[in-house]
Amino acid sequence: MQKPVVNVMVKAARSAGNLILRHMGKLDALNVFEKSKLDYASEVDAEAEAVIIRELRRAFPDYAILGEESGAMGKGRHTFVIDPLDGTSNYLRGWPHFCVSIALVENGEPVHGVVFDPLRNELFTASKGAGALLNDKKIRIGERKDLKGALLVTGFPPRERPRLAPHLDAIRSMLSEAEDIRRTGSAALDLAYVACGRADAYFEAGVKPWDIAAGLLLVREAGGRTCDFLGRGDNLLNSGQIIAGNLKISEVLQRAVYSTNYAAAFSA
């Protein structure tokens, strides 16, 4: 049985998902703005976040909130970390790959997470120590032990384009063994897909707390490991980097990232 707080988070995510779907028929009429270079948002992002915040505050008025669109509101031991529409660029083009991501973070670590794909009606949930679920069924991370034949996922966030060269060097190295590398445009769904075995591992730099908070908990609770490019597992939400996979492949992937100087690019 899900925790009461997860039930509230699920209700908030579904409400936001319904709003997102209602706007899909009028994408050409949406107000779109550029938050920073090549980083776009729309009125749907803001409206979906407002819906989520309203639902969460109704049940937990004293909890702090960190939203991608609204920023930080309040302080305390508990913080809801919200990405109301992860994959905005996909959504605005009618590309069917985006989601709602909500996590409850306690003292800097996610303890409950929800990732909801409204198009596929897929609901990923996790609570610390209680496992991870997809539509109420237990999920488990894949068993691949190395890069040979692996399906990897990454991203090219606009804020990290100056480090594109070492990123591409890392990809070139990995593709000598891996089956393929995907770039889907939604960090939260990337992590959810790793958690349920649809992808073997994921790595990306330039991620924000709202991109990964719920997803990294899904990976951990599905039996996987998350770390930064140097292999450290602490304070990941603020590290700006993430590697996720099972215990074996995450180690191999981390070594590959390190050996190609992609990790070194962040300490220069």
(request) For region 140-160, state whether one or more residues are surrounded by fewer than 18 Cβ atoms within 10 Å (Cβ to Cβ) and closer than 21 Å to Leu123 by Cα. (result) yes
(message) Can you tell me which residue is surrounded by the fewest Cβ atoms within 10 Å (Cβ to Cβ) among those in region 245-268 that are touching a residue at least 12 places away in the same chain (Cβ under 8 Å) and assigned to a loop (DSSP other than H, G, I, E, B)?
(response) Asn261
(request) Answer yes if at least one residue in region 206-222 is crowded, with 19+ Cβ neighbours inside 10 Å, of a type in the set (D, E, K, R), out of contact with any Ser or Thr (no Cβ under 8 Å at 6 or more places or on another chain) and outside any helix (DSSP H, G or I), and no otherwise. (result) no
(request) Evaluate the following for Ser173: is it farther than 30 Å from Leu119 by Cβ, among the hydroxyl-bearing types (Ser, Thr, Tyr) and assigned to a helix (DSSP H, G or I)? (result) yes
(request) Those residues that are crowded, with 21+ Cβ neighbours inside 10 Å and more than 20 Å from Leu147 (Cα to Cα), I need them from region 223-239; list them, please. (result) Leu236, Leu237
(message) Criterion first (under 17 Å from Phe156 (Cβ atoms), surrounded by 22 or more Cβ atoms within 10 Å (Cβ to Cβ) and either of a type outside the set (A, V, I, L, M) or touching a residue at least 12 places away in the same chain (Cβ under 8 Å) (or both)) does Ile242 satisfy it?
(response) yes
(request) Working carefully through the options Ala192, Ala187, find the one that is in contact with a Phe, Trp or Tyr (Cβ under 7 Å, 6 or more places away or on another chain) and within 21 Å of Asp83 (Cβ to Cβ). (result) Ala192
(message) Can you say whether Glu143 is outside the structural domain of Gly224 (by TED's automatic domain parsing) and more than 15 Å from Gln254 (Cβ to Cβ), as far as the supplied structure shows?
(response) yes
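The values are calculated or read from the model by the stated rules, or taken from the named source; none is laboratory data. Just so we're clear, the structure is a prediction, and the values are computed from it rather than from any experiment. Cβ atoms come from the backbone with ideal geometry, glycine included; neighbour counts cover every protein chain shown.
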